[in-house]
Amino acid sequence: MTFAIPYARTVPDAVPPVVGAGLPVPLVDGREVPYANLDHAASAPCLRAVRDAVDELLPFYASVHRGAGFASQVSTRVYERARAAVRSFVGARDTDAVVLTRNTTDALNLLARALPKGTSVVVFDTDHHAALLPWRGRLVHRISSVPELEEALTACPTGPRLVVVTGASNVTGELWPVRSVVSTARQHGARVVLDAAQLAPHRPVDVRALDVDYVVLSGHKLYAPFGVGALVGRADWLRAAPPYLAGGGATRLVRDDLTVSWNEGVERHEAGSPNVVGAHALAVACRTIQAWGWESIVAHERAMTERLRTGLAGVPGLRELSLFNGDRVGVVSFAVDGHDPGLLAAALSAEHGIGVRDGAFCAHVATRRLLASAGVPGERALRASLGLGNTVEHVDRLVAALHTLVTDGPTWNYTLVDGRWTPTPDPRPLPPFLTGE
């Protein structure tokens with residue numbers, strides 16, 4: 001069974017344009033098609049505005065905070081302005097600290113290191129690993145649903161308490177009831193950290209409106225793939241904690257005997273030469289999305305997500321994974337009866353020019369549980385995730401390709417190589433910058 005679909009090369013004007021829209025990719029049969037990037041939940045493409053801003057900055061790239069030269073002063077100004085952009089993007093309080101990190105995982109590990117002694121942590125074991133693992137070694141209460149939160153907090157001993165909640169599921173994209181979580185936490189004197197890695201690229205985040213104490217996010221999911229994330233929130237625990245890393249930038253004075261006076265501001269946790277290019281990229285992404293407006297971005301995504309879910313529902317044997325069947329960002333995970341997710345993902349790429357994710361999505365506990373709930377054996381699924389730059393044609397191509405693969409099977413041979421399905425042979429040429437041509 002085959003489906004003839006015209007390949008649209010345009011990106012809707014309703015949303016900010018991204019680099020790589022319409023990128024031609026080779027297929028194993030010798031054709032080229034525009035790439036359908038349906039893996040935004042892992043890493044989103046770069047906004048054109050971000051690329052242009054980085055190009056503009058690079059001639060001025062220099063050391064930050066410690067240089068008297070003009071380029072260094074420009075870079076320092078750019079770096080500090082990035083904090084203000086992130087603060088505005090998440091609606092932070094004036095007193096909140098904005099620590100620039102590598103990504104969400106780094107930000108949550110930083111916060112875990114800054115917790116006061118004796119802090120009890122409540123986590124949802126349906127979260128991804130960045131939100132689940134940094135607290136090991138602490139007094140951790142693992143729960144599976146919001147109704148369990150009250151009992152978990154009641155069971156916590158006297159002392160500081162922190163609740164970790166994900167804004168949108170890394171596996172299903174479903175939005176968590178953050179306000180309800182915060183309300184329960186406040187009744188027990190607990191603080192709340194919002195993991196907005198999957199939420200911030202798709203919905204507005206407002207620290208004050210949600211009344212969360214901390215929020216973390218990643219630039220690589222927010223159309224700024226230059227290696228920066230952020231931890232934004234109450235400054236007291238961060239000021240009192242030992243520096244996250246020991247080194248230059250975190251120090252105010254180092255004596256001859258190597259005793260140290262540490263900085264007290266956000267620099268305390270930003271040792272080493274900061275990633276000024278990444279910080280600028282993140283800031284520009286935040287400003288671009290704010291300037292464009294959320295209404296058109298959300299409407300674009302919701303329309304495509306509805307189309308995707310409707311189309312997938314018609315694929316024979318396909319089972320969508322769901323936590324509580326709630327509102328979601330553009331993330332849909334699923335399994336197909338009798339079909340290896342890795343083989344389907346490889347065939348979607350090699351034969352149809354479609355990029356999806358297969359596996360457990362850095363959320364092994366959640367993925368296993370959701371697959372079991374759906375009556376699917378195994379530990380791996382497929383995930384299609386949407387964002388800026390996706391078109392209706394991408395969605396329709398995925399649905400049509402799955403119909404073809406499930407009904408007729410792949411048209412190419414595939415073998416397992418180091419645990420991954422690979423076209424055999426694979427005649428697709430690599431881009432010249434990888435081949436030296």
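The values are calculated or read from the model by the stated rules, or taken from the named source; none is laboratory data. What you see is a predicted model, and the numbers here were worked out from it, not measured in a lab. Note that each Cβ is placed from the backbone with ideal geometry, even for glycine, and that neighbours are counted across all protein chains shown.
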Review point. Of all the strands (runs of 3 or more DSSP E) wholly in the stretch 371-437, which have at least 1 residues that are in contact with a His (Cβ under 7 Å, 6 or more places away or on another chain) and hydroxyl-bearing (Ser, Thr, Tyr)?
Key: 381-385
Review point. Is it the case that the stretch 402-422 has a residue that's surrounded by 23 or more Cβ atoms within 10 Å (Cβ to Cβ), modelled with pLDDT of 95 or more and not acidic (Asp, Glu)?
Key: yes
Review point. What tally of residues in the stretch 124-178 results from selecting those that are crowded, with 22+ Cβ neighbours inside 10 Å, among the polar types (S, T, N, Q) and either touching a residue at least 60 places away in the same chain (Cβ under 8 Å) or assigned to a helix (DSSP H, G or I) (or both)?
Key: 4
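One line per residue, one yes/no per condition, for (1) aliphatic (A, V, I, L, M); (2) under 24 Å from GLU270 (Cα atoms):
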residue	(1), (2)
ALA107	yes, yes
THR119	no, yes
ARG142	no, no
PRO147	no, no
Review point. Can you find a residue in the stretch 366-377 that is within 26 Å of PRO423 (Cα to Cα) and either surrounded by fewer than 18 Cβ atoms within 10 Å (Cβ to Cβ) or in contact with a helix residue (DSSP H, G or I) (Cβ under 7 Å, 6 or more places away or on another chain) (or both)?
Key: yes
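Okay, residues lined up against (1) of a type outside the set (A, V, I, L, M); (2) closer than 21 Å to VAL284 by Cα; (3) surrounded by fewer than 18 Cβ atoms within 10 Å (Cβ to Cβ); (4) in contact (Cβ under 8 Å) with a residue 60 or more places away in the chain:
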| position | (1), (2), (3), (4) |
| --- | --- |
| GLY189 | yes, no, yes, no |
| ALA200 | no, yes, no, yes |
| ASP211 | yes, no, yes, no |
| LYS221 | yes, yes, no, yes |
| VAL228 | no, yes, no, yes |
| ASP236 | yes, no, yes, no |
| PRO243 | yes, no, no, no |
| VAL254 | no, no, yes, no |
| ASP257 | yes, no, yes, no |
Check your understanding: Taking the stretch 351-365, which residues are farther than 21 Å from ARG309 by Cα and surrounded by fewer than 24 Cβ atoms within 10 Å (Cβ to Cβ)?
Key -> GLU351, CYS362, HIS364, VAL365
Exercise for review: Answer yes or no as to whether ALA381 is crowded, with 17+ Cβ neighbours inside 10 Å, free of Cβ contacts under 8 Å to residues at least 60 places away in the same chain and of a type outside the set (Ser, Thr, Tyr).
Suggested key: no
Review point. Which residues, counting only those in the stretch 349-370, are closer than 21 Å to GLU174 by Cβ, outside any helix (DSSP H, G or I) and touching a strand residue (DSSP E or B) at 6+ places or on another chain (Cβ under 9 Å)?
Key: VAL356, ARG357, ASP358, GLY359, ALA360, PHE361
Review point. Which members of the stretch 256-296 meet the condition of being hydrophobic (A, V, I, L, M, F, W, C), at pLDDT below 95, part of a helix (DSSP H, G or I) and in contact with a Leu (Cβ under 9 Å, 6 or more places away or on another chain)?
Key: VAL266
Review point. Do we have ALA299 as without any contact (Cβ under 8 Å) to a residue 60 or more places away in the chain, surrounded by fewer than 21 Cβ atoms within 10 Å (Cβ to Cβ) and assigned by TED's automatic domain parsing to the domain that holds TYR414 here?
Key: no
Check your understanding: Looking at (1) closer than 24 Å to ALA200 by Cβ; (2) at pLDDT 95 or above; (3) surrounded by 20 or more Cβ atoms within 10 Å (Cβ to Cβ); (4) not assigned by TED's automatic domain parsing to the domain that holds LEU282, which is the one condition that is false for VAL19?
Key -> (3)
